[in-house]
């Protein structure tokens, strides 16, 4: 292996799914996009000045992010509704 080589481990769960009928058997996703699967669970850093790209394992909790985003959107909708009601009243 060269010093400049990069090794990226992609868990099979990123491009396969477990069979519901046969637990323990995995099949390819319907239309996996390997580049997208490669990036799942990784942060990508672009250093334009040095012409380099770096990859690191991500510790992002995507489901938490989605929950927090949805809660903020709901709060904003409620705030807008209250503002409209206060103008009408």
Extension gain from residue 84 to residue 21, taking 0.36 nm per residue of separation minus the Cα-Cα distance:
17.5 nm
Compute the relative contact order of the chain as a whole-number percentage, counting only Cα pairs closer than 8 Å that sit 6 or more residues apart in sequence.
15
If you average the alpha carbon positions of the range 1-20 and of the range 38-89, how far apart do those two centres end up, in angstrom?
26
Can you tell me the length gained on complete extension of the stretch residue 69 to residue 7, counting 0.36 nm per residue apart and subtracting the Cα distance?
19.0 nm
Could you work out the helix-only [θ] at 222 nm for the chain, with each DSSP H run of four or more residues adding -39,500 (n - 2.57) and the total divided by the number of residues, to the nearest 500 deg cm²/dmol?
-12500 deg cm²/dmol
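Values in this text are rule-based calculations from the coordinates and carry no lab data. In this text, all values refer to a predicted model and were calculated from it rather than measured experimentally.
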